[in-house]
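Notes for the one structure printed next.
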Amino acid sequence: MADDHQALQHRELALRFSCGEEKLIGILNLPCRPGPRGVLMITGGPQYRAGSHRQFTLLARVLAEQGFPVLRFDYRGMGDSEGAARDYLTIADDIDSALAQFFHGVPALREVVLWGLCDGATAAARHAASDARIKGLVLLNPWVRSPASLARTTLRHYYLRRLVQRDFWRKLAGGGLQLAASLASLRTTAAHAAAAGAELPQADLYHALCQFHGKVLLILSGEDLGAREWDELIKTSSDWRTLASCAPWTTVHIAGANHTFASAAWRAQVEQHCLEWIASW
């Protein structure tokens, strides 16, 4: 769908569009010859349309140079958009408004991939099944956190790792470690890990992905606790394993990367994986 051999020039257009009574700000990366598949970026956490380390800006340019139009925007209460602050559970109207603007601004557009990081990924998945024009999801370190899942992951990937580190035993022998406080923290973590009951972000995301029948690209950081929570979820839940095995998912791990892919090398890997995947179907 995109030209693999010749990069296409593109324009960056500032947009101002409505969501109810309030105005949203976005940037449209518009190729000179836009293809029918575009990418709508959903920001996560306290981020605006540029992304940490300008990741969203740089990725949008890479994709647009290969013919894929990209819209990234600030939802209400974030960046330069109007309105009160809100979280990923309350931005459905913002996403709908951005989609309407995207299709209006790019007449050649026929389908969209939603791209999101952290709780932006979870917001994208929650929205995907509601619009038949959404054909794919790119989810980076999707948000599945609950007290129990965080505790289980911390036990496995922090406490157990600390036990085999020389620095831990050196501090313990030298009195530099507050053993009582550390044991109390460990007991609290273990109690949370054993807790049962509904874990809203996980249940919410599971329900959303069950309803979505498009393609999914998962990109997980090698050194991110949230990504390890996702891995633990897949390992420990038979329902999640069944869903992952039956759904058209592609999973990529970026070794050594932190949560926001802070280095140029990590960002380049994300860019390459996204571009190849979006162009592959």
Check: Could you put Arg49, Arg61 in order, starting from the residue whose Cβ has the fewest other Cβ atoms within 10 Å?
Finding: Arg61, Arg49
Item checked: Ranking of His10, His273, His207 by count of other Cβ atoms within 10 Å, fewest first -> His207, His273, His10
Item checked: Per DSSP, loop GluC sites (Glu not before Pro) in segment 206-241 with at most 14 further Cβ within 10 Å -> Glu223
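In a shell of Cβ-Cβ distance under 13 Å around Lys135, excluding Lys135 itself, what net charge do Lys and Arg (+1) and Asp and Glu (-1) give? Mind dumping the intermediate values first?
Values: positive: Arg37, Arg110, Arg133, Lys215; negative: Glu111, Asp131.
Result for the neighbourhood of Lys135: +2.
Here, each number is a calculation from the coordinates, and none is a lab measurement. All values derive from a computational prediction rather than experimental measurement. For neighbour counting, all protein chains shown are included, and Cβ atoms are generated from backbone atoms with ideal geometry for every residue, glycine included.
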